[in-house]
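As structure tokens, the structure follows; a few thoughts come after it.
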Amino acid sequence: MKENELGLNERLESVQDYQFEKPPHLIKGLPELWWSGKRPFTSTQYFPAQEKEQHGDEVNGWLNKIFWGDSIQVMSHLLRDFRNSINLIYIDPPFDSKADYKKTIELRGRKVTNDHTNFEDKQYTDIWNNSDYLQFMYERIILCRELLADDGSIFLHCDWHKVHQLRCIMDDVFGPQNFVNEVVWCYYGPGSPGMRQFNRKHDNILWYCKAGEWKFNADAVRIEHDEKTLDNFKDGLKGSGFIAGDYEIPDGKIPEDWWIMAIAGRYPKDGIKRVGYPTEKPLPLIERIVTAVTEPGDIVFDCFMGSGVAQTAAMKLGRRFIGADINLGAIQTTTKRLINVARDLVKELPNENEPKYTGFTVYNVNNYDVFRNPVQAKEVLSQWLELQPLPGNAAYDGMQDEWLVKIMPVNRIATKVDLNEILSNFDVKAATKFADEHPSSVYQKIRLVCMGHEPDLAATLKAEVEKLGARVEVEIKDILRDKSGLTFKRDSEAKVVRKGKKLVIKNFYPMNLLEKLSLEKTNVEDWRELVDSVMIDFNYDGAVLTPTVTDVPEKNEMVKGEYEIPADAGVIRVKITDLLSESLELEVK
């Protein structure tokens with residue numbers, strides 16, 4: 001049986017636990033960052049992944065990997081095969097910037113009889129409770145340490161919002177002795193009216209190794225010497241990092257730890273097209289990092305992938321890669337980007353000594369495919385449950401009758417790890433006082449809303465709260481089993497037919513997108529203006545989509561809609577993806 005055919009019970013039975021050692025550097029006298037509800041993170045479990053798509057072929061037995069899912073579960077999945085194996089981890093996590101990041105969705109044509117031809121779609125939110133953010137990052141940085149090779153490097157990209165605290169966490173997890181550099185990436189840009197401080201125009205990139213050893217390809221990243229340095233060398237003067245006359249001056253110098261890689265705004269004028277994803281970083285910035293600390297064939301990993309800049313850099317430079325993101329828009333954007341990069345690379349003459357790893361597979365982790373957007377998911381569930389808001393309460397999403405309601409992470413099985421947020425915000429003082437005054441009464445009634453869960457989830461929460469001196473009643477509402485009246489998302493509609501030797505898409509109506517545009521199907525003159533891409537597998541094996549047609553047009557172009565059917569075609573499966581990154585898959589007989 002394939003892994004993506006496993007049911008809930010089988011997947012739970014396949015759980016494998018991983019234990020982490022406490023960092024040996026946590027010794028008496030060493031400073032340690034503390035926050036409200038800080039919890040040790042000493043174990044995790046294996047989470048299954050379902051292979052969904054394959055693009056391109058293996059090279060030297062390797063296919064790159066893209067995962068759609070929560071980063072903590074993706075990394076837990078990877079521990080089975082990649083523990084102590086990743087050569088470079090680059091992460092560009094949330095900055096706690098107190099902002100929602102949106103992407104402008106714009107129709108590819110202008111034929112609709114409606115004024116709403118574009119709108120902003122929320123991609124993700126970056127608004128956190130401080131303690132939740134630090135615990136979130138702490139757990140993921142620990143997993144990064146477990147995946148990193150002994151001579152590997154991790155680069156954590158952040159800015160002024162949290163760099164001071166993240167450096168403390170990095171010291172905590174990796175040890176201050178394994179700090180290598182703090183790179184400051186500088187860029188220009190206008191200020192805001194009424195500013196009362198200097199214009200904040202740089203990001204911070206923290207570089208740590210794992211065990212005191214790391215790769216550094218100095219000659220690969222050198223930049224031109226200043227004229228003064230060259231003149232000093234010719235004149236036999238000492239300084240500028242060398243002793244004149246003792247050796248030949250290197251062909252360029254190693255860059256400083258501050259990089260000015262922009263002319264205006266965040267992006268350099270390098271001729272590289274941006275894809276418009278929120279917080280997208282420039283490719284030359286990531287290429288310098290990849291080049292500096294990895295060799296061809298090394299593995300590069302990024303679990304906050306966004307638009308896939310790190311994966312693009314790895315593919316271009318002949319490195320293998322693994323990427324992950326919780327946002328479906330990021331998966332779709334990266335997939336399209338990598339298809340185009342691979343297409344350009346295969347046109348180049350092959351180099352057997354330095355192959356390019358252009359093939360990749362897309363996975364879902366823990367069947368992460370019911371909701372498109374976890375931010376919108378909570379909004380849908382809160383409305384469906386008719387929750388009464390609880391302002392200022394970080395632990396719960398609302399009140400339903402006398403029950404405190406916690407919406408667990410969507411699109412995956414709820415685990416004991418997910419209880420940490422409730423436990424870290426539990427008011428022990430109030431609970432103890434209540435228990436003293438009402439020894440036989442229940443302090444709180446807690447309802448957990450989830451999509452599948454570990455069998456002992458409720459019992460675990462009750463037991464943990466009892467350790468804190470209180471009694472609670474716990475109820476689980478599993479919306480995989482009870483979703484009467486709940487619409488996760490409106491299904492798309494399409495008509496695809498054989499017409500002689502051609503496959504023809506007659507129409508396509510993405511209902512969620514039409515609703516956002518306030519459009520009726522009758523107002524759409526050309527369905528193609530609603531489509532981001534079309535992929536066709538002419539010999540579908542019933543499990544993994546392996547498209548031989550990838551119709552991914554440029555922004556101002558539209559998909560073809562008609563495709564030649566090869567003579568050896570078998571079962572035909574078509575995947576149509578709309579501008580919201582939502583997809584419809586169907587088989588054509």
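Just so it is clear, none of the values below were taken in a lab; they were calculated from the coordinates. Predicted, not measured: the structure shown is a model, and the values here were computed from it. No Cβ is skipped: glycine too gets one built from the backbone with ideal geometry, and neighbour counts run over all protein chains shown.
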- request: Pop a pseudo-label 7 angstrom from the Cα along the beta-carbon direction at both Val428 and Lys495 and give the gap in nm to one decimal.
  value: 6.6 nm
query: Which GluC sites (Glu not before Pro) in the stretch 375-415 pass both tests, a DSSP loop state and at most 11 other beta-carbon atoms within 10 Å?
result: Glu386, Glu402
query: Of the beta bridges DSSP finds with both residues in the stretch 374-478, what % are antiparallel, to the nearest 5?
result: 25 percent
- line: If Asp150, Asp436 are placed from fewest to most neighbouring beta carbons inside 10 Å, the sequence is Asp436, Asp150
- request: Quote to one decimal, in nm, the extra length available between Asn539 and Ser43 on full extension: 0.36 nm per residue of separation minus the C-alpha distance between them.
  value: 174.4 nm
- request: Taking amide H positions as placed in the peptide plane 1.01 Å from N, state which residues far from Ile86 in sequence (5 or more) or on other chains have amide H under 5 Å from it.
  value: Leu148, Ala149
- line: Karplus ³J(HN,Hα) for the stretch 540-555 (6.51 cos²θ - 1.76 cosθ + 1.60, θ = phi - 60°; Hz, whole; x = Gly/Pro) runs 5, 8, x, 10, 10, 6, 10, x, 9, 10, 10, 8, 10, x, 5, 4
message: Amide H of Lys52 versus every other amide H placed in the peptide plane: which residues, excluding those fewer than 5 positions away on the same chain, fall under 5 Å?
response: Val362, Tyr363, Asn364
message: Show me, for the stretch 428-435, the HN-Hα J-couplings you get by feeding each phi into the Karplus relation (A = 6.51, B = -1.76, C = 1.60, θ = phi - 60°), rounded to Hz, glycine and proline as x.
response: 5, 4, 5, 5, 5, 4, 5, 4
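How far, in nm, would the chain grow between Ile254 and Trp34 when pulled straight, counting 0.36 nm per residue and subtracting the alpha carbon separation? It would help to have the intermediate numbers written out before the result.
Working: separation 220, 0.36 × 220 = 79.20 nm, distance 3.67 nm.
This chain segment gains 75.5 nm when fully extended.
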query: Please state the relative contact order of the stretch 374-478 as a whole percent: Cα pairs under 8 Å, 6+ residues apart?
result: 26 percent
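Mind scanning Lys52/Lys495; Lys521/Lys555; Lys316/Lys356; Lys316/Lys336 and naming the pairs with a C-alpha gap bigger than 18 Å?
In this structure, Lys52/Lys495; Lys521/Lys555 exceed 18 Å between Cα atoms.
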- prompt: What ranking do Phe233, Phe301, Phe20 get, fewest neighbouring Cβ atoms within 10 angstrom at the top?
  reply: Phe20, Phe233, Phe301
query: Per the Cauchy relation, a quarter of the hull surface: what is the mean projected area of the convex hull of the alpha carbons in the stretch 374-478, in nm²?
result: 6.5 nm²
Base-10 log of normalised Debye intensity for the stretch 158-209 (one unit scatterer per alpha-carbon) at q = 0.21, 0.28 Å⁻¹: -0.77, -1.08
- prompt: What ³J(HN,Hα) values, in whole Hz, does the Karplus curve 6.51 cos²θ - 1.76 cosθ + 1.60 give for the stretch 441-450 when θ = phi - 60°, with x put for Gly and Pro?
  reply: 9, 7, 6, 9, 10, 10, 10, 9, 9, 8
- request: For the stretch 493-588, divide the Cα radius of gyration by the Kirkwood radius and give the resulting Rg/Rh value with two decimals.
  value: 0.97
task: Please work out the C-alpha center-to-center distance from the stretch 392-450 to the stretch 297-321 and express it in whole Å.
output: 40 Å
